Amino acid sequence: MHFQIMKTFLPVFCLLIVFQSAFAQSQVCPLNNNFSLGSLTHWEAYTGNNVAGNGPSAIKQTYDSSVGAPTGTLGTSVIYEYNLPSTPGIQILNSSSTDLYGSFSTIPTINGYKYTNSILLGSTAITRSGSSGTSGGYVRGVSYRINVPAGPTDEPYTMTYAYAMVLENGTHNSNDQPLFSATLEAGGSIITCASPKYYLPTLNNAGPRDNNATLDTALAKSQGFFLSPRSSPNANPNGQGAGASEHLQDVWAKGWTEVTFDLGPYRGQQVVLTFETDNCVPGGHFAYSYVALRNTCGGLQISGPQSACIGNTLIYSVPALTGASYSWSVPPGWTIVSGADSNILKVQVINANGTVVAQEQNSCANLTATLAVNAVPPTVAGAVGSDNEVCSGDNDTKLVLTGNVGGVLNWLSSTDGVHYTSLANTTPQLDAANLTTTTTYRAVVQNGESCNIDTASAAIVTVDPLTVGGSLSPATMQFCIGQNKDALLTLVGQTGKPVNWQSSADGGATWTDFAPPYTDSMYQLLGLTDPMEYRVNVQSGVCPAELSTPAAISIVQTPFPQATAEPADTLICYNTKATLNATITLGTNYSWTNANTLTGAGNGTVNPVPFTIQATASPLSTTNYVLSVENTGCPNLLKDTFRVRVLPPIIVDAGNDTSVVINQPLQLHASSNDTTTPGGDKFNWTPALGLNDPTIFDPVGIYTAETDSIRYLVTATSQYGCIGTAEILVKIFKTGPDIFVPNAFTPGGATNNIFRPIPVGISSLAYFRVYNRWGQLVYSTSRIGDGWDGRMNGQPVPPGTYVWMVQGTTYAKRTVFHKGTMVLVR
């Protein structure tokens, strides 16, 4: 019969870890006890079948630790399931992954200790009685015969192992459920405190076929089991249905748990440590487990920082021991926050050095550990000094961290101020050399492993690109006598900024700096009478300066054209004209751009001098007119630009033609598209007959019987005097307000081809609807003026009688409603 040991393991937390044995001497662990050789060397192994039950009665195939494969374990890393030569049942793991069902690491890090290897016992393979003729599940186990070193029995010789497991609920009575066990045996007796055994507990209420037992969920959870979100990969042997429903979700996992035991009392003796994982006894439900061992055997070890940050709350811990009691002591003044009676202690640190002492005791061990601790002040990141500016390429900047409390963990660099790269330098000085991009540097500082990590304020090394002098454009230029415009030199292709311009009157033999310095990238030539060369001294930041290629200016002994022009900029309304005035006082001929929209532009000949031009521009959109004047013999033209800006046309909307009855108010409304006038355009209605105010955009009209109809012209005027107009026809009826509807219409005909209501004295239409003889709506609108074309869903409807109804509101807010029939004729 299986038995169960109840135990409680508290969760394990860690900071940066320093391990210190309670004993000065070093005690060597058994060789390959932690599978560090990557094999089962020095371990015995067995696989088998538990058709006759677990324990000694199980069928077992053993593997000797003194020989190699296929009958031994020397150098062996995989042993296959019993009678399943392609399915590993025992395998060594030396790289960690995530377990599919338990979502824990297959090689753990617990309490700050990183295990390097683990062993996987079992698989998801199962047997099925009745289908293959095989009964019983798979059994796998490994054992190590530990020769405990001789010595005083009160000197601890400890070992620590960790285990995790995945068990499928077979719904059997507990003693037939999937099983994991660890057994420590000495002198023929089991050391129970180091020998936990787990199965998924049930209420032992299975049916005659040993199934459908109820899982004791509360007990399973109290032991640390949790339900995996993944279903079993194997079909349900209890036959719950077909397809996906054949697979049970009832797979439970238990995460890593650590056990420490003391073999000091067994000095000079041999003990046997065995781990076993078994499927359920019927065989149809799987089990597998992971086991890892520490390679430290020197006694109880406290995990936690030796360098304790003042003001911080820190955690110290020891590996959990089954059924153990714990007690702790800390340096004077330190405050125990929690865990004084558990394996995990939380304390608040003050400025005092001392020793943290832990005592752990149960039936398996009575251990004491000490850890010397040193209180240190909190981290101060400091600042990196100092900013610098260098030239790209061959450069060197010494960056020094000052004002810090704590050591440098590493440096960080960034070329964009957002994304940083770690630099492996732990000194307070960094040599930033041969940079080609502006870079920000920070130092990452920590004062001891338990203080916060902080980042120093940054220093920026600004990297200037290498100077490029560029060139002057144009490289050559002819300059006419008296030229006062359009002789512009421009610096192009440079990297850096102009420091000063230079000139040379002797063909580049000697150069003279401009005084005062001229730092613009463009220079307007004026008043030259002799040939001259120019160049620019350019510098990029702190990089060496470079000279641009020069420009050579030659003198043409012909006067530059002279003329005056106005206005330079003109604003006109759409479809109006602008006058362009020019007087040429020196020149022989001239020309215009965009002459196709000019009148009065002249014939292009200057005669006599002064010569006056008064041209009329009629553009429909904004246009530049350029007047170019030539003086024969001077290669340079005098150019003057007239910019005529054209405002968009004003479009006025006065609304649709309408009808009204006598003595009923008619609300008129006009609008325009003009956006140039603050507050809107000015409006004027003509004639003013019947209107309360013809100078507003929304006058109200009231009419007498003497008027049959009237057509209004409304004019909108902008702040610039631009106008737009629109018309609206108002028909005056002598009847009361009403809605008239024809009694027949002919879709597609020359006349009477739209069926619409005719509102008289109606301000708005609530609806106009048309129905066929089956009561189906074929047309609906609420817009005055809209009507039906005799179609439904784009298709012509058949001729016949149709029902209509209409409702509207008069200007006096009275409702008018009518309904009737009409005949559609085709």
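If the condition is being in contact with a helix residue (DSSP H, G or I) (Cβ under 7 Å, 6 or more places away or on another chain) and more than 22 Å from Glu276 (Cβ to Cβ), then the stretch 205-240 contributes Ala235, Asn236, Gln240. Scoring Ser317 on the criteria (1) within 18 Å of Gly406 (Cα to Cα); (2) within 43 Å of the chain's Cα centre (by Cα) leaves a single failure, condition (1).
Consider the stretch 816-826 and keep the residues that are open to solvent by 80 Å² or more (accessible area, probe 1.4 Å) and either basic (Lys, Arg) or in contact with a Ser or Thr (Cβ under 9 Å, 6 or more places away or on another chain) (or both). The one that is nearest to Gln667 (Cα to Cα) is Lys819.
Annotation note: of Ala58, Ala69, Ala52, the sole residue that is hydrophobic (A, V, I, L, M, F, W, C), modelled with pLDDT of 90 or more and over 21 Å from Val148 (Cβ atoms) is Ala69.
When Arg145, Arg140 are checked against the criterion of being out of contact with any Lys or Arg (no Cβ under 9 Å at 6 or more places or on another chain), open to solvent by 50 Å² or more (accessible area, probe 1.4 Å) and not in a loop (DSSP other than H, G, I, E, B), a single residue qualifies: Arg145. Looking only at residues in the stretch 504-520 that are in contact (Cβ under 8 Å) with a residue 12 or more places away in the chain and open to solvent by 40 Å² or more (accessible area, probe 1.4 Å), which one is farthest from Gly469 (Cα to Cα)? If we take residues in the stretch 504-520 being in contact (Cβ under 8 Å) with a residue 12 or more places away in the chain and open to solvent by 40 Å² or more (accessible area, probe 1.4 Å), then Ala505 is farthest from Gly469 (Cα to Cα).
Is at least one residue of the stretch 29-38 open to solvent by 30 Å² or more (accessible area, probe 1.4 Å) and closer than 21 Å to Ser181 by Cα? Within the stretch 29-38 (the criterion being open to solvent by 30 Å² or more (accessible area, probe 1.4 Å) and closer than 21 Å to Ser181 by Cα), the answer is no, since none of the residues qualifies.
One line per residue, one yes/no per condition, for (1) at pLDDT below 95; (2) more than 30 Å from Leu430 (Cα to Cα); (3) in contact with a Cys (Cβ under 6 Å, 6 or more places away or on another chain); (4) not acidic (Asp, Glu):
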position	(1), (2), (3), (4)
Asn351	yes, yes, no, yes
Thr355	no, yes, no, yes
Gln359	yes, yes, no, yes
Ser363	yes, yes, yes, yes
Ala369	yes, yes, no, yes
Val373	no, yes, no, yes
Pro377	no, no, no, yes
Ala383	no, no, no, yes
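Restricting attention to the stretch 811-824, the residues being closer than 27 Å to Asp657 by Cβ and part of a strand (DSSP E or B) number 8. Per the listing Thr116, Thr153, Thr160, Thr127, the residue uniquely of a type in the set (S, T, N, Q) and in a strand (DSSP E or B) is Thr160. For the residues Thr564, Thr576, Thr585, the requirement of being among the β-branched types (Val, Ile, Thr), open to solvent by 50 Å² or more (accessible area, probe 1.4 Å) and either under 60 Å from the mean Cα position of the chain (by Cα) or farther than 21 Å from Asn636 by Cα (or both) singles out Thr576. Within the stretch 72-95, the set of residues being crowded, with 18+ Cβ neighbours inside 10 Å and part of a loop (DSSP other than H, G, I, E, B) comprises Thr76, Ser77, Tyr82. Restricting Thr183, Thr158, Thr171 to residues that are among the polar types (S, T, N, Q), open to solvent by 10 Å² or more (accessible area, probe 1.4 Å) and under 30 Å from Gly298 (Cβ atoms) narrows the list to Thr183. Checking each residue in the stretch 362-372 for being in contact with a Leu (Cβ under 7 Å, 6 or more places away or on another chain) and open to solvent by 30 Å² or more (accessible area, probe 1.4 Å) picks out only Thr368.
Every test in (1) of a type in the set (S, T, N, Q); (2) exposed (fewer than 14 other Cβ atoms within 10 Å of the Cβ); (3) more than 59 Å from the chain's Cα centre (by Cα); (4) closer than 30 Å to Phe740 by Cβ is passed by Ser659 save one, and that test is (2).
Annotation: Trp501 fulfils all but one of (1) surrounded by fewer than 16 Cβ atoms within 10 Å (Cβ to Cβ); (2) over 49 Å from the mean Cα position of the chain (by Cα); the unmet one is (1). At least 3 residues being of a type outside the set (A, V, I, L, M, F, W, C) is the threshold, and among the strands (runs of 3 or more DSSP E) wholly inside the stretch 174-235 those reaching it are 179-186, 197-199. Which of the residues that make up the stretch 777-810 are of a type in the set (Val, Ile, Thr), assigned to a strand (DSSP E or B) and surrounded by 13 or more Cβ atoms within 10 Å (Cβ to Cβ)? If the condition is that a residue be of a type in the set (Val, Ile, Thr), assigned to a strand (DSSP E or B) and surrounded by 13 or more Cβ atoms within 10 Å (Cβ to Cβ), then Val778, Thr781, Val803, Val806, Thr809, Thr810 are the ones that fit.
The C-beta contact set for the stretch 380-395 (first residue under 11 Å from Leu466 (Cβ atoms), second residue loosely packed, with under 15 Cβ neighbours inside 10 Å, distance under 6 angstrom, 6+ apart or interchain) comprises Cys391/Val542; Ser392/Thr436. Scanning the stretch 599-621 for residues that are part of a loop (DSSP other than H, G, I, E, B) and under 17 Å from Glu566 (Cα atoms) turns up Gly600, Ala601, Gly602, Pro610, Ser618. Checked against the criterion of being surrounded by 14 or more Cβ atoms within 10 Å (Cβ to Cβ) and in contact with a Lys or Arg (Cβ under 9 Å, 6 or more places away or on another chain), the candidates Leu627, Leu598, Leu668 yield just one match: Leu627. For the stretch 324-340, the condition of being touching a Pro at 6+ places or on another chain (Cβ under 9 Å) and under 23 Å from Glu258 (Cα atoms) holds for none of the residues.
Of the strands (runs of 3 or more DSSP E) contained entirely in the stretch 416-470, those carrying at least 1 residues that are touching a residue at least 60 places away in the same chain (Cβ under 8 Å) fall at 439-446, 459-464.
For the stretch 403-443, a residue qualifies if it is β-branched (Val, Ile, Thr) and either under 14 Å from Ser457 (Cα atoms) or in contact with a strand residue (DSSP E or B) (Cβ under 7 Å, 6 or more places away or on another chain) (or both), and the qualifying residues are Val405, Val408, Thr415, Thr421, Thr426, Thr427, Thr436, Thr437, Thr438, Thr439, Thr440.
Any chance the stretch 339-354 includes a residue that's β-branched (Val, Ile, Thr) and surrounded by fewer than 16 Cβ atoms within 10 Å (Cβ to Cβ)? The answer is yes; a qualifying residue exists. Is there a residue in the stretch 315-330 that is part of a strand (DSSP E or B) and over 18 Å from Ala358 (Cβ atoms)? Within the stretch 315-330, not a single residue is part of a strand (DSSP E or B) and over 18 Å from Ala358 (Cβ atoms). Against the definition (under 53 Å from the mean Cα position of the chain (by Cα), more than 28 Å from Leu586 (Cα to Cα) and surrounded by 14 or more Cβ atoms within 10 Å (Cβ to Cβ)), how does Ser621 come out, yes or no? No, not satisfied.
I'm checking my understanding of the structure. Among residues of the stretch 479-498 that are in a loop (DSSP other than H, G, I, E, B) and closer than 15 Å to Val536 by Cβ, which one is nearest to the chain's Cα centre (by Cα)? By that ranking, first place goes to Gly496.
The values are calculated or read from the model by the stated rules, or taken from the named source; none is laboratory data. As the structure is a prediction and not an experimental result, all values here were calculated from the model. Please note: Cβ atoms are built from the backbone with ideal geometry, for glycine as well, and neighbour counts cover all protein chains shown. Quick note on the areas: whole protein, heavy atoms, side chains included, nothing else; ligands and nucleic acids left out. Shrake-Rupley method; radii C 1.70, N 1.55, O 1.52, S 1.80 Å.
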